[in-house]
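Written out below as structure tokens is the structure these notes cover.
The values are calculated or read from the model by the stated rules, or taken from the named source; none is laboratory data. For clarity, every value in this text was computed on a predicted model and none was experimentally measured. Positions of Cβ are generated from backbone atoms using ideal geometry, with glycine treated the same way; all protein chains shown enter the neighbour counts. Keep in mind that these areas ignore ligands, DNA and RNA; they rest on the heavy atoms of the full protein, side chains included. Shrake-Rupley method; radii C 1.70, N 1.55, O 1.52, S 1.80 Å.
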Amino acid sequence: MAVIPYLQIDNLTKSFGDLVLLENSSLGIAEGQRVGLIAKNGSGKTTLLNVIAGKEGYDSGNVVFRRDLRVGYLEQDPQYPAELTVLEACFHHGNSTVELIKEYERCMETEGHPGLDELLNRMDQEKAWEYEQKAKQILTQLKIRNFDQQVKQLSGGQLKRVALANTLITEPDFLILDEPTNHLDLDMTEWLEEYLRRTNLSLLMVTHDRYFLDRVCSEIVEIDNRQIYQYKGNYSYYLEKRQERVDSKNVEIERANNLYRTELDWMRRMPQARGHKARYREDAFYELEKVAKQRFNTDNVKLEVKASYIGSKIFEADHLCKRFDDLTILDDFSYIFSRYEKMGIVGNNGTGKSTFIKILLGQVKPDSGTVDVGETVRFGYYSQDGLQFDEQMKVIDVIQDIAEVIELGNGKKLSASQFLQHFLFTPETQHNYVSKLSGGERRRLYLCTVLMRNPNFLVLDEPTNDLDIITLNVLEEYLQSFKGCVIVVSHDRYFMDKVVDHLLVFNGQGDIRDFPGNYSDYRDWKEAKSQKEKEAEKPQEEKTVRVRLNEKRKMSFKEKREFEQLEQEIADLEVEKEQIEQSLCSGTLSVDELTEKSKRLPEVNDLIDEKTMRWLELSEIEANLSA
């Protein structure tokens with residue numbers, strides 16, 4: 001029996017005027033598939049999601065969902081009526097459960113309660129009684145705790161989190177997420193990662209968080225040159241296979257170019273009156289020309305910009321204090337910044353990271369203490385609210401107003417146009433008006449305006465929000481070779497791991513700790529510390545009991561047998577897990593097999609956790625016996 005896909009797109013074409021984003025593109029997503037959508041800014045990621053969700057039309061083709069499929073869609077910029085409360089916003093987008101709750105409330109307000117028995121049965125079947133409680137639980141996980149606060153009082157990040165909660169509580173069969181990790185702190189991102197991994201829902205998602213992609217998605221879809229390419233594996237697998245595709249295509253283009261030169265010479269020499277064979281060869285020439293003129297933006301040249309000279313004195317923060325009412329940002333904070341230091345700043349939302357940056361830059365005054373900045377320091381500041389351009393200017397003019405060229409050192413220079421090309425603005429795009437740029441392209445242009453000023457101290461506040469993965473790779477390479485100082489505030493774990501030498505961890509209420517390592521090192525240390533604290537608390541009680549009773553607990557025969565079997569069972573499950581992961585990345589599975597293995601993987605993970613915990617309990621008993 002043929003499996004009906006959850007979503008089937010056939011020969012889709014979508015354009016805005018002369019700009020064609022997708023041309024005769026096709027895509028299918030089956031039950032259990034978790035798909036990450038990747039493309040550079042301006043290629044049509046959000047447009048494709050809006051088309052799929054029915055929020056935007058298309059030129060030609062078909063977009064078909066399976067009948068009776070429940071679809072949840074998290075938009076990039078969600079909107080709600082301003083007067084709604086947080087909890088009301090979670091009930092705002094109509095779905096079957098919300099409509100059922102409203103129907104029940106109307107029935108209870110009507111004399112005689114007509115149809116109440118049937119409604120009670122339906123409420124039980126759809127678990128509608130738990131709906132409000134579930135909404136509050138998810139909102140709390142996303143650190144939204146004032147359920148009566150009005151939507152108009154929320155920040156953009158809080159509103160996005162309310163919309164995410166709204167999408168998750170409906171428990172859809174098919175979930176579409178546009179940048180779900182934007183405005184989430186690290187704890188929330190890891191919670192969402194675990195939540196999605198533990199469910200069996202199908203998923204189509206746009207995100208720049210590469211760890212998130214790697215751990216949640218089993219398939220990557222890329223939009224490139226108006227076409228859709230599918231890779232049946234996670235992000236790491238995609239990188240490998242995409243490079244193979246690019247290499248193969250470059251070989252094809254090179255061959256076409258060699259033949260094109262020969263055919264071009266023939267076209268120039270051929271008389272106007274051609275016979276049938278000549279016309280056939282002429283038609284083939286034009287097809288060949290299309291292939292030969294294709295271009296891949298795969299420039300891997302490192303951009304080693306010469307930063308302006310920076311002296312040995314950078315800045316010194318001395319006994320800084322800053323409070324807003326009951327919220328403490330800095331409490332007697334002192335720090336001496338070193339030459340060429342690359343610092344990452346992490347912490348939950350609201351702990352004062354952005355305020356701390358503004359104090360260092362002199363934009364906000366501390367309550368007490370001083371900041372002494374070296375005379376040679378030239379700051380380049382990328383802020384969360386710095387996107388202010390003249391809409392009627394062209395992209396190239398925005399950069400040339402800052403500088404015509406940028407120094408690379410050793411007498412080499414880059415023109416403004418060449419610099420823009422390195423950050424993925426083609427010569428054609430450079431002559432577009434700013435008003436035509438997508439949100440991500442504007443972020444990329446803003447980044448260029450900061451870097452083009454040739455600073456020697458970069459301060460980047462959430463630079464990864466709304467930037468595509470390709471731009472992030474370029475920025476990471478730039479920062480790794482940057483001959484100056486860097487401070488990065490970011491929730492992007494992959495980005496932090498590649499760029500920073502150490503972390504400043506904001507724990508809230510002025511508690512700031514310096515951690516010597518990247519984010520993954522910090523996360524591992526934090527988990528090990530938490531585990532150690534749990535173990536230190538639990539055995540203490542057990543040891544007290546044992547000392548008082550003066551006897552050692554012996555293993556029963558059944559427990560000995562179980563202990564011996566557990567080692568083999570855990571090993572077998574680890575092998576099964578590895579085989580499933582390899583199969584999911586192989587690209588050879590049928591839809592049924594893919595669905596089955598996607599469901600089995602979380603079950604295997606749970607079994608490994610459960611059996612490992614039991615093995616640890618039994619091994620402790622055995623250790624006490626031999627002590």
Requested in this report: Tally up the carbon and sulfur contribution to the accessible surface of segment 101-186 as a whole percent, 1.4 Å probe, everything protein left in place.
Outcome: 42
**Report entry** Three-way shape call for segment 113-206 based on the alpha-carbon gyration tensor, with the a/c threshold at 1.5
**Finding:** oblate
Query raised in the report: Using a 1.4 angstrom probe and counting only protein chains, how large is the accessible area of K483 in Å², to 10?
Result: 110
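In a shell of Cβ-Cβ distance under 14 Å around R106, excluding R106 itself, what net charge do Lys and Arg (+1) and Asp and Glu (-1) give?
After counting each charged neighbour, the total is -4.
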Report task. Within the set of other residues whose C-beta is less than 12 Å from the C-beta of F515, count the net charge using Lys and Arg as +1 and Asp and Glu as -1. Result -> 0
Query raised in the report: Residues of segment 1-40: accessible area per residue at 1.4 Å, in Å²?
Result: 43
Requested in this report: Under 15 Å between C-alpha atoms is the cut-off here; go through segment 5-237 and count lysine pairs that meet it, provided they're at least eight residues apart or on different chains.
Outcome: 7
Query raised in the report: Given a 1.4 Å probe and the protein chains all in place, what does the accessible area of V162 round to, in Å² to the nearest 10?
Result: 0
Query raised in the report: Could the peptides 486-495, 180-189, 197-206 be put in order, highest first, of the mean number of other beta-carbon atoms found within 10 Å of their residues?
Result: 486-495, 180-189, 197-206
Query raised in the report: Taking amide H positions as placed 1.01 Å from N in the peptide plane, with prolines and chain starts having none, which residues 5 or more places from L21, or on another chain, fall under 5 Å of its amide H?
Result: K14, S15, F16
**Report entry** Label-to-label distance, nm, for residues given as K412 and K143 (7 Å Cα→Cβ offset)
**Finding:** 4.2
Requested in this report: With label points built 7 Å along Cα→Cβ from the Cα atoms of D606 and S435, find their separation and express it in nm.
Outcome: 5.5
Query raised in the report: How much of the accessible area of segment 315-528, probe 1.4 Å, is carbon plus sulfur, in whole percent?
Result: 44
Query - Where segment 178-251 is the region considered: accessible area per residue in Å², 1.4 Å probe - result: 35
Report task. Round to the nearest 10 and report in Å² the accessible area of L616, as given by a 1.4 Å probe over the protein chains' heavy atoms. Result -> 90
Query raised in the report: With the other protein chains left in place, how much accessible area per residue, in square angstrom, belongs to segment 315-528 at a 1.4 angstrom probe?
Result: 43
Query - Cut-off 15 Å (backbone N to label point 7 Å along Cα→Cβ of C107), residues of segment 117-158 - result: 117-130
Query - Amide H partners (placed H, <5 Å) of N349, local residues excluded - result: D185
Report task. Check each of the GluC sites (Glu not before Pro) in segment 322-401 and keep only those in coil by DSSP with at most 11 other C-beta atoms within 10 angstrom; list them in order. Result -> E375, E391
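Within segment 23-104, which trypsin sites (Lys or Arg not before Pro) sit in a loop by DSSP and count at most 10 neighbouring Cβ atoms inside 10 Å?
Here the trypsin sites (Lys or Arg not before Pro) that fit, given the DSSP loop and packing criteria, are R67.
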Query raised in the report: Distance in nm between label sites at Q227 and Q531, each 7 Å beyond Cα in the beta-carbon direction?
Result: 4.6
